[in-house]
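Peer 1: Submitted below is the structure of interest, expressed as structure tokens.
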Amino acid sequence: MKIKGKTEISAIPKDLENIKIGIVKAQWNSAVTDTMLSECTKALKNAGILEENIISKNVPGSYELPLGALFIENTHNPAAVICLGCVIKGETDHDIFINQGIAQGIMGLNLRFSKPFVFGVLTVNTEEQAIARADGSKENKGKEAAEAALEMILLRQDLKKEVQGQIGFRNR
Ligand code: DLZ
């Protein structure tokens, strides 16, 4: 199986088998976020992540995703945390504030902890658009979020291996 992008997944299961991954899922629009979660989990398991190493938690809405991810980071020290949510535009600008808050919150976590916190959040105008992006059989952004997490974990591992043993290497 190929991870989206370039990494050949069958070549690296050994590197992934002891890896812990967090998932935090918003309960708002749960018909959509539930299928994102199941496709995300399926993709992780297919790649060799053990079920007991997937820490999956719910938060009320997407706005709570960065803090939920931080809780998982603080308690489990995972290799990555995948944030799954679905914000649908309504009559007001709430979606803009929520989406900006999540995007900035998640980016801050990436850079603070030097590990992937994946933005698996649908920012759509309609429920139909959300469903089209969280279809179990075809496109599913939960699956893509899992692939992004794995690809970034592998990139980090590769870069560490490249510099291990070199003077000045800091293992973070
Ligand atoms: C309040 C709100 C609204 C209006 N819409 C959504 C949405 O489409 N998707 C979502 O995940 N959450 C929504 N929320 C809830 C907020 O994310 C948050 O949970 C509350 O504002 C409490 O902080």
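The values are calculated or read from the model by the stated rules, or taken from the named source; none is laboratory data. On a predicted model such as this, the values are computed, not experimentally measured, just so you know. No Cβ is skipped: glycine too gets one built from the backbone with ideal geometry, and neighbour counts run over all protein chains shown. Areas reflect the complete protein model, heavy atoms only, side chains present, ligands, DNA and RNA absent. Shrake-Rupley method; radii C 1.70, N 1.55, O 1.52, S 1.80 Å.
Peer 1: Within the set of other residues whose C-beta is less than 13 Å from the C-beta of Gln27, count the net charge using Lys and Arg as +1 and Asp and Glu as -1. Numbers along the way, then the final one.
Peer 2: Numbers: positive: Lys25, Lys57; negative: Asp34, Glu64.
Charge balance in the 13 Å sphere: 0.
Peer 1: If you wrap a convex hull around the C-alpha atoms of region 71-172 and split its volume per residue, what is the figure in Å³?
Peer 2: Working: hull volume 11.1 nm³, N = 102.
Residue-normalised Cα hull volume stands at 109 Å³.
Peer 1: Need the full-extension length gain, Lys161 to Leu67, defined as separation in residues times 0.36 nm minus the C-alpha distance. One decimal, nm.
Peer 2: Full-extension gain reported as 30.7 nm.
Peer 1: With viscosity set to 0.692 mPa s at 37 °C, what whole-number translational diffusion coefficient in µm²/s follows for the chain from Stokes-Einstein and a Kirkwood radius over Cα pairs? Before the final figure, lay out the partial values.
Peer 2: Details: Rh = 16.4 Å.
Approximately 200 µm²/s, per Stokes-Einstein.
Peer 1: With every protein chain left in place and a probe of 1.4 Å, what is the accessible surface of Val121, to the nearest 10 Å²?
Peer 2: Accessible area of Val121: about 10 Å².
Peer 1: Going toward the positive end of the dipole of the chain, with +1 on Lys and Arg Cβ and -1 on Asp and Glu Cβ, which of Gly61, Pro78, Gln164 do you reach last?
Peer 2: Going by the charge dipole, the pick is Gln164.
Peer 1: What is the sum of charges around Ala134, taking Lys and Arg as +1, Asp and Glu as -1, for the other residues whose C-beta is under 9 Å from the C-beta of Ala134?
Peer 2: Details: positive: Arg133, Lys141; negative: Asp34, Glu39, Asp135, Glu139.
For residues surrounding Ala134, the net value is -2.
Peer 1: Take every DSSP beta bridge with both residues inside the chain and express the antiparallel ones as a percent of the total, to the nearest 5.
Peer 2: Details: 2 of 21 bridges.
Of the beta bridges lying entirely in the chain, close to 10 percent run antiparallel.
Peer 1: Tell me the per residue accessible area of region 31-144 using a 1.4 Å probe; a whole number in Å² is fine.
Peer 2: Per-residue value: 51 Å².
Peer 1: Can you give me the % of accessible surface on region 38-122 that is carbon or sulfur? Probe 1.4 Å, all protein chains present, nothing else counted.
Peer 2: 56
Peer 1: Which of the trypsin sites (Lys or Arg not before Pro) across region 35-140 are loop residues per DSSP, with 14 or fewer other Cβ within 10 Å? Could you put the intermediate results ahead of the total?
Peer 2: Working: sites: Lys42, Lys45, Lys57, Lys89, Arg112, Arg133, Lys138; in loops: Lys89, Lys138.
Sparse-neighbourhood loop trypsin sites (Lys or Arg not before Pro): Lys138.
Peer 1: Still on this structure, I have one more. Using a 1.4 angstrom probe with every protein chain in place, what is the largest-first accessible-area order of Glu127, Glu147?
Peer 2: Final ranking, largest accessible area leading: Glu127, Glu147.
Peer 1: Please give the calculated 222 nm ellipticity per residue for the chain, where each DSSP H segment of at least 4 residues contributes -39500 (n - 2.57) and the sum is spread over every residue; nearest 500 deg cm²/dmol?
Peer 2: On the way: 6 runs with 83 residues, N = 172.
Helix-only estimate at 222 nm: -15500 deg cm²/dmol.
Peer 1: Further question: What is the sum of charges, Lys and Arg at +1 and Asp and Glu at -1, for the other residues whose Cβ falls under 14 Å from the Cβ of Gln100?
Peer 2: Net charge around Gln100: -1.
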